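First the structure, in the form of structure tokens, and then the observations on it.
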Amino acid sequence: MINWSEIYQVYDKRNGGYCCRPGLNFAKWSPAYVSTNEDVREVLRILEPGVNDRVLTVTGSGDQALFYKLAGAGQVDTFDITYNAKMVMDIKTSAIKNLSHEDYVSLVTKMRKVPGSINDMPEYEAIRYGLSQQMQDYVAGVRGLGVCRTGQSNEQMLFRSEFDKLKKMLGGEYPFIWTDLYSLAEKLEGKYNQIYLSNILMYEKSTDKFVKIISDLGQHLVPGGKILVNVAPWFDEKDREHIEALQGAVNQWARVRYLKMHDMSMCILQKNF
């Protein structure tokens, strides 16, 4: 599962930097964001997940899965193209269960600022035995490599009240599907109440591929189920073309909405009853 030869080929041995060649910005071993810059609280207020819903979300920084758990979701499955997203998510899950809020914030902040030194952080030493042996070995193996992205200044952090609530709720690791978007639908089993894609489809330039991805995922929704197709500060011309094409392609079985909020834009597909 872990191909160390591949990993060492895409990180600079001298400084640990990720070798972001064309097509590799988001790939199997690319760095993962440590915190989201999306207002997930507001997004979920609009999506209105139900208690005990079955949810699928991009792993990203792990924050979407955490906020879905806070919202009462029963089962939260995650997926991502990079294994480092699972690493960040598993570290956060163990940290919430084993650290104080102050130490959790300290750990996340350090991971963001010094992405190659997770093993040297005292907060990590306090939580690493809450990780699977495979993940402990992985974190040790990528020591010195920039496996975390620094992100932006408006990243979100759990409030103390949210942290305390999650500490009582979290169980084991979140289920993780390691895949790109093109293969995601074929790897799913059963149906979901909600699928959260964040903004990852912003990077798809082909309208036909965009529509096919959403259409295929739509077959894994329960009646009334929703897909968060995109959330971003703004949609450019290509994004709007994608939405218009999607509306035409799915109008027999779903409704597509575009929402402009005070600081973000959203596209949501909802399957008909």
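Quick notes
- Label positions at ARG257 and TYR203, each projected 7 Å from the Cα along the C-beta direction, are separated by 2.9 nm.
- Heavy-atom accessible surface of the range 146-233, averaged per residue, reaches 48 Å², computed with a 1.4 Å probe.
- Between SER106, THR36, PRO122, the Cα set farthest toward the positive side of the dipole of the range 1-146 (charges on each charged residue's Cβ, about the Cα centre) is that of PRO122.
- Acute angle (nearest 10 degrees) that the helix 237-250 long axis makes with the longest principal axis of the chain, alpha-carbon atoms: 60 degrees
- Using the Stokes-Einstein relation with a Kirkwood hydrodynamic radius computed over Cα pairs, the translational diffusion coefficient of the chain at 25 °C and a viscosity of 0.890 mPa s comes to 128 µm²/s.
- Protection proxy ranking, highest mean first, for peptides 161-167, 247-253, 1-7, 191-197: 191-197, 161-167, 247-253, 1-7, where packing is the per-residue count of other beta-carbon atoms within 10 Å, averaged.
- Reported value for the range 1-102: 144 Å³ per residue, from the convex hull of its C-alpha atoms.
- Here the range 114-273 yields Rg over Rh of 1.03, to two decimals, using C-alpha coordinates and the Kirkwood radius.
- Annotation for ARG240 and ILE2: the two label points, set 7 Å from Cα along the Cα-Cβ direction, are 4.7 nm apart.
- q = 0.10, 0.12, 0.21 Å⁻¹, the range 53-160: log10 I(q)/I(0) [Debye, one scatterer per Cα]: -0.27, -0.39, -1.25
- Relative contact order of the chain, pairs being alpha-carbon contacts under 8 Å that are 6 or more residues apart, as %: 19 percent
- Accessible surface for the range 1-123, divided over its residues, is 39 Å² per residue with a 1.4 Å probe.
- Overall form of the range 133-209 per C-alpha gyration tensor (a/c, 1.5; a/b vs b/c): rounded
- Once the convex hull of all Cα atoms in the range 33-82 is built, its volume per residue stands at 64 Å³.
- In this structure the amide hydrogen of ILE177, modeled in the peptide plane, comes within under 5 Å of the amide hydrogens of THR78, PHE79, ASP80, none closer than 5 places in sequence on its chain.
- To the nearest ten degrees, helix 83-98 and the longest principal axis of the Cα atoms of the chain are 70 degrees apart.
- Semi-axes of the equivalent ellipsoid for the range 77-125, computed as √(5λ) from the eigenvalues of its C-alpha gyration tensor and ordered from largest down, come to 19, 14, 8 Å.
- Overall, the accessible surface of the chain at a probe of 1.4 angstrom is composed of carbon and sulfur to the extent of 51 percent.
The values are calculated or read from the model by the stated rules, or taken from the named source; none is laboratory data. It should be emphasised that the depicted structure is a prediction, and the values quoted were computed from it without experimental measurement. Cβ coordinates were reconstructed from backbone atoms using ideal geometry, including for glycine residues, and neighbour counts include every protein chain displayed. Areas reflect the complete protein model, heavy atoms only, side chains present, ligands, DNA and RNA absent. Shrake-Rupley method; radii C 1.70, N 1.55, O 1.52, S 1.80 Å.
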